[in-house]
1. Take the stretch 267-276 and flag every residue that is closer than 16 Å to Gly251 by Cβ and either surrounded by fewer than 15 Cβ atoms within 10 Å (Cβ to Cβ) or in contact with a Pro (Cβ under 6 Å, 6 or more places away or on another chain) (or both).
2. If you go through the stretch 277-294 one residue at a time, how many are surrounded by 13 or more Cβ atoms within 10 Å (Cβ to Cβ) and either part of a loop (DSSP other than H, G, I, E, B) or not aliphatic (A, V, I, L, M) (or both)?
3. What pairs come out if I take residues in the stretch 106-130 that are on the phi > 0 side of the Ramachandran plot and pair them with residues that are part of a helix (DSSP H, G or I) whose C-beta lies under 7 Å away, six or more apart or interchain?
4. Quick check on this structure: which one of Arg157, Arg201, Arg237 is open to solvent by 60 Å² or more (accessible area, probe 1.4 Å), part of a helix (DSSP H, G or I) and at pLDDT 75 or above?
5. Every residue in the stretch 242-266 that is part of a strand (DSSP E or B) and buried (at least 16 other Cβ atoms within 10 Å of the Cβ), please.
6. Quick check, is Asn269 within 24 Å of Val169 (Cβ to Cβ) and either part of a loop (DSSP other than H, G, I, E, B) or under 60 Å from the mean Cα position of the chain (by Cα) (or both)?
Amino acid sequence: NPNRLAKSLSRYGGEEGEGGGDLKEELEDANDRIEAMEEEVADLSTSYGELEEENKRLKSENEQKETIVSNWISKSVKLNTKIKDCEQLVGAERAKCLALQQQVVDKEEKYLALEALYAKEKELMTDKTKQIETLTLQLYGARRQAKEASLNEEKERSSSKQHFEANSVLNTQVTSQMEKIKGMDVKITELTRKVKKLERREAANKKKKRRKKSGGGGDECGHNDDDYDDPLLEEYRKKLKCPLCSDGEKGVIILRCQHMFCRECIEKNLKVRNRNCPACNISFSKNDVRSIFL
């Protein structure tokens, strides 16, 4: 304690006499220094208290800051986690974006292909439209022709009735002509039989002539060679021959007029479209020609 030190020094100075004066001065100086030091210590104590308060305040602030920092660290960790999650989501979204971009590219290619196809289809539709217009015109023409054909058909029906009536009459005539032809066939058959009989007879007479020529003179009955030239036989022969060529035998008959000719002459007339009877000049068709068998 400085006070106790000062008292002991004063007591020691009294005992020592004159030498105590120097010590007293030193003691006063020491007291002054001690007082200065006490003031300084008081100032230091005050400063220390202030420093303690400041330290407490700073410590509190530091603790608050540490709490804030720890909070920020936890938040930072959470944010980092969220950032990683977000980065993963961003990566996934980027992948989706790339996939979508590829889909867009594919769709653009499909769109271009569809656009080209649409252009082709449009051209085809234009061609088909032209074809439809052409077909429509043809249809109108066909309808007009059908209408005209219908009118013509009605006219033909009206005329066909007349033809039917005419054909009925013609069929009646043909039937009667066929009956006549049958009668003529019978007559021709009889005539042919007679002609063959006369030919046999003529052949026998010629044979007899040859025998008589070789024996000299007439036959036993006194007939001459000219007696065997029978005019009836020649007439029958002429009736069997075609009147046009006088060579071929009659083979066909014209029903309309009942004239008979050889098949070759009638076919020649049909080929040159000469459809009039060579004998009476009546018109006939190919259906009016019938075969006969002699």
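The values are calculated or read from the model by the stated rules, or taken from the named source; none is laboratory data. It should be emphasised that the depicted structure is a prediction, and the values quoted were computed from it without experimental measurement. All Cβ positions, glycine included, derive from the backbone under ideal geometry; neighbour counts span all protein chains shown. Quick note on the areas: whole protein, heavy atoms, side chains included, nothing else; ligands and nucleic acids left out. Shrake-Rupley method; radii C 1.70, N 1.55, O 1.52, S 1.80 Å.
1. Of everything in the stretch 267-276, those that are closer than 16 Å to Gly251 by Cβ and either surrounded by fewer than 15 Cβ atoms within 10 Å (Cβ to Cβ) or in contact with a Pro (Cβ under 6 Å, 6 or more places away or on another chain) (or both) turn out to be Glu267, Lys268, Leu270.
2. Residues in the stretch 277-294 being surrounded by 13 or more Cβ atoms within 10 Å (Cβ to Cβ) and either part of a loop (DSSP other than H, G, I, E, B) or not aliphatic (A, V, I, L, M) (or both): 9 in total.
3. Note: no pairs meet the criteria.
4. Selected residue: Arg237, the only one of Arg157, Arg201, Arg237 that is open to solvent by 60 Å² or more (accessible area, probe 1.4 Å), part of a helix (DSSP H, G or I) and at pLDDT 75 or above.
5. Across the stretch 242-266, the qualifying residues are Val252, Ile253, Ile254, Met260, Phe261.
6. For Asn269, the condition - within 24 Å of Val169 (Cβ to Cβ) and either part of a loop (DSSP other than H, G, I, E, B) or under 60 Å from the mean Cα position of the chain (by Cα) (or both) - is not met.
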